[in-house]
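Step one of this worksheet: look at the structure below.
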Amino acid sequence: MKQRIIWNLLLLLCAAPAKADEGMWLPSLIGARMADMQAKGLKLSADDIYSINRACLKDAIVQFDGGCTAELISDKGLLLTNHHCGLDYIQAHSTETHDYLKNGFWAANPGEELPCKGLRVRFLMHMTDVTAQALKGVTARMTGTERTVRINKNKAAILKAETKEPGTQASIESLYYGNRFYLFVYRVFDDVRLVGAPPSAIGKFGGDTDNWIWPRHTGDFSLFRIYAGKDNQPAEYAPGNVAYRPKTSLRISLKGFRENDFTFIYGVPGRTSEYLYSEAVRYIVESGNPAKIRLRDIRLRIMKAGMENDVATRIKYTAKQAAVANAWKKWQGELKGLTRLKTVEKKQALETQFAAWAAGKPEYDTLLPRFAEYYSNWKVYAAVRDYQTEAFNAIEIIRYAAAFAPLAGKSDTPDTTLIRRLRTHTADFFKDYAPAIDRQTCEALLTEYLRHVPAAFIPPALNDAHRHSGSVAALCDTLYARTLFTSREAVEQLLRQTKSERTRTLLHDPLFALYRQCDNFYKEAVEEPYRALQARIDALYRDYLRGLMAFQPHRDFYPDANATLRIAYGKVAGYTPVNAVYYLPQSTIEGIMEKDNPDIYDYNIPQRLRDIVAARDYGRWAGHGTVPVAFIATNHTTGGNSGSPVLNGNGELIGLNFDRTWESTMSDVEYDPAICRNIAVDIRYVLFVIDKVAGADYLLHEMNFAL
Ligand code: ARG
Ligand code: GLU
């Protein structure tokens, strides 16, 4: 009896709610958060945020181009997102004579708006819990495979029954590791046009130097417009399409805000893992991130040297360098954050308590020992996988050659399609390729690969080639001298050959042949066992999460992000990054001038902006005698939340999310309210740039401003 009481007490102690401001909540269940949100400053009702019966905030939000968020800011389909989210399209329309990256772009009227091939946006129409249907016929005695087959069948039946109007998309996503299933129905628009973008000196101000950093002064925004058929329904691109008339659009607030004011974010976070077993976190901290950071250090160092020596190389490698550096910096922050928070130790403490609770409960009491067993195998494969992606496949020429694999084997894609694709791919590849950088990278990365991957997992073909050449340097020399993949002419000639000639050429190419042997070996020796293990681990997580929910009945469990629409809420707040320093939550235009430096590429602002600041010509966008530029808040966000609206308690737009501080990126695994901050550009700075810098004030007339 006494023991029972002690256990119950313990249980109560561990039943911690989600920490203040932590969580990415499902819109359809937002009602359960209302009391908390309203107590913190929300003035709206759950129906104002998500409703399937009437227009609500959800109808102003889209997933943009598969990986970002955007929002409607006019009743003529005008969309606001980040500059870095629109970058591919801004770049695609840029030429040497019309360099929209450098100078910005502003359509003076709808006729000048630029169609964007391949760009799609989608609205969530509704989300519905279909757990019961998805699990129909699933029993506890089924094997993992039987269960999966059954669920897939059920899912297919649900999707089939969902009447599919043209322009809609439906998918079923699992939440809480397969404990719940939701049907998501979307409306997809593919005629989306570029309306405006500031010069990169504003849209990417601070470049990679400031990326993930506070204080920040980036005007990271661009504007697009959704077009629809005359009936306002989704339609393929056609010159005669008209601006989409949405159910609703966001109102913009110019009133400003203060520290501690309530904010929330509506958007599409990509992926988080908040419920990991301790050993999975230990892997990130002790192996995964350190190895990946080190391998990217090497690549960045080689790129940097090449880019410093030559202007053409700098241009070729700008985007590649940015992409490599982005995750590199994020992983460092995550590593630092998880170490500081002692996440591994905290997870272990929780697991000890869970084990005591689970003792004697057959459903749960073998979970932790099985996690321990599976993870001890898993981490071996995971480490090899990291080297495969970050070392082997990071060699540009290998990745490029890999794209030709379907030509040498069986492929479902028709030959003519394959050839057409590879021609485009080849043009893109050589446009931005510097063989000297890649040759050096190859040597450095293969050296690391051979040194750190356990002998049993090194492809025999690679070992042989290495031994045969005598050294990694000699191996790389041979590969680069003899392969056809370093020569655009040779590749184009290959693409003109007959099918049998092509196969012969490819299989005789030393680089392609080596890639193929390594890849076959890797798939069998690493990828397959890894996937099998991961499937077993995921099945454990399903039970573990159900167990945790029973063990901590008062804790608010939110599902990990999985690229579905979510709401995060918190408040505008500064933070203390290191002892004795407090970061204020708002940056201003004076900060841009402090960083301004014509000699430093990342900090060289347009002259027009200098002139405006000198004249203090801030117009209606000023607050307290300056223009607010960016701010930070405690909203729990991740990659994919770029472009998400930051809203005030009335649901009015006050900013545009575009980043987190790098010290807070561990929030994908553990959120810390003291330090985790999202970074947004202030809507007043966005409007200031549109109005004063770009002179595109005509766009303001279609926006709605809150009174
Ligand atoms: N860190 C942000 C994100 O994760 C912005 C990346 C683009 N900006 C840059 N300077 N590379 O996507
Ligand atoms: N820049 C990120 C994005 O593109 C958002 C930053 C983050 O929170 O990871 O989604």
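Taking Cα pairs under 8 Å and at least six residues apart, what relative contact order does the chain come out at, in percent?
On the way: 1211 pairs, mean separation 172.5, N = 707.
Relative contact order of the chain: 24 percent.
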>> I need the calculated FRET efficiency for the pair A92 and V138, taking r as the beta carbon distance and R₀ as 51 Å, to the nearest 0.05.
In response: 0.65
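Take peptides 176-186, 138-148 and line them up by average Cβ neighbours within 10 Å, highest first, as a rough protection proxy.
Numbers: 176-186: 19.3, 138-148: 11.5.
Order by mean packing, descending: 176-186, 138-148.
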> Here are some pairs, K19/K40; K292/K347; K117/K692; K320/K431; K204/K595; K292/K336; which of them have Cα atoms lying more than 19 Å apart in this structure?
Replying inline: K292/K347; K117/K692
>> If I model a spin label as a point 7 Å beyond the Cα along the Cα-Cβ vector, how far apart are those points for Q169 and T389 in nm?
In response: 2.1
> Sorted by mean Cβ packing within 10 Å, highest first, what order do the peptides 42-53, 529-540, 511-522 take?
Replying inline: 511-522, 42-53, 529-540
> So what is the relative contact order for the stretch 69-218, in percent, with contacts set as C-alpha pairs under 8 Å and at least six apart?
Replying inline: 31
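Assuming R0 = 35 Å, can you tell me the calculated FRET efficiency for the pair L418 and V188, based on Cβ-Cβ distance, to the nearest 0.05?
Details: r = 27 Å, r/R0 = 0.76.
Result of the calculation: an efficiency of 0.85.
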>> Classify the chain from the C-alpha gyration tensor, please: rounded if a/c falls under 1.5, else prolate or oblate depending on whether a/b exceeds b/c.
In response: rounded
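Roll a 1.4 Å probe over the protein chains and send me the accessible area per residue for the chain in Å².
Numbers: 31220 Å² over 707 residues.
Heavy-atom accessible area per residue stands at 44 Å².
Quick check: from the Cα gyration tensor, does the stretch 594-707 come out rounded (a/c under 1.5), prolate or oblate? Don't skip to the answer; put the middle values down first.
Details: a/c = 2.33, a/b = 1.38, b/c = 1.68.
Cα axes put the stretch 594-707 in the oblate bin.
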>> For the stretch 557-634 and the stretch 687-707, what is the centre-to-centre distance using only Cα atoms, to the nearest Å?
In response: 19
> From the square roots a ≥ b ≥ c of the eigenvalues of the alpha-carbon gyration tensor of the stretch 585-633, which class results: rounded (a/c under 1.5), prolate (a/b over b/c), or oblate?
Replying inline: oblate
>> If amide hydrogens are placed 1.01 Å from N in the peptide plane, which non-local residues have theirs closer than 5 Å to the one on F64?
In response: T69, A70
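When only C-alpha pairs under 8 Å and at least 6 residues apart count, what is the relative contact order of the stretch 602-707, in percent? Don't skip to the end; give the middle numbers.
Details: 134 pairs, mean separation 30.8, N = 106.
Averaging sequence separation for qualifying contacts and normalising by length gives 29 percent for the stretch 602-707.
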> Separation between the R301 and A532 pseudo-spin-labels, each 7 Å from Cα along Cα→Cβ, expressed in nm?
Replying inline: 3.9
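For the chain, what does -39500 (n - 2.57) per DSSP helix run (n ≥ 4), summed and divided by total residues, give at 222 nm, in deg cm²/dmol to the nearest 500? Present the calculation step by step, with values, prior to reporting the outcome.
Working: 27 runs with 308 residues, N = 707.
Taken over the chain, the calculation gives -13500 deg cm²/dmol.
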> So, in nm, how far is label M549 from label R399 when the simple model puts each one 7 Å beyond its Cα toward the Cβ?
Replying inline: 3.9
> Cα to Cα, under 27 Å, and not fewer than 8 places away if on the same chain: which lysines meet these conditions relative to K136?
Replying inline: K153, K155, K160, K164, K361
> Tell me, what is the FRET efficiency for A161 and A32 to the nearest 0.05, using R0 = 22 angstrom and their Cβ-Cβ distance as r?
Replying inline: 0.20
> Leaving out ligands, DNA and RNA, what percent of the accessible area of the chain is carbon and sulfur, probe 1.4 Å?
Replying inline: 54
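When the chain is fully extended, how far beyond the present Cα-Cα distance does A580 get from Q493, taking 0.36 nm per residue of separation? Please list the in-between numbers first.
Details: separation 87, 0.36 × 87 = 31.32 nm, distance 6.43 nm.
So the extension gain works out to 24.9 nm.
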> How would you order 550-558, 446-454 from highest to lowest mean count of nearby Cβ atoms within 10 Å?
Replying inline: 446-454, 550-558
> Once fully extended, how much extra length lies between Q348 and E363, figured as 0.36 nm per residue of separation less the alpha-carbon to alpha-carbon distance?
Replying inline: 3.4 nm
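The values are calculated or read from the model by the stated rules, or taken from the named source; none is laboratory data. Bear in mind the structure is a predicted one, so any value in this text is a computation, not a measurement. Glycine also receives a Cβ, built like all others from the backbone with ideal geometry; neighbour counts cover every protein chain displayed. Just the protein is used for accessible areas: all its heavy atoms, side chains included, with ligands, DNA and RNA removed. Shrake-Rupley method; radii C 1.70, N 1.55, O 1.52, S 1.80 Å.
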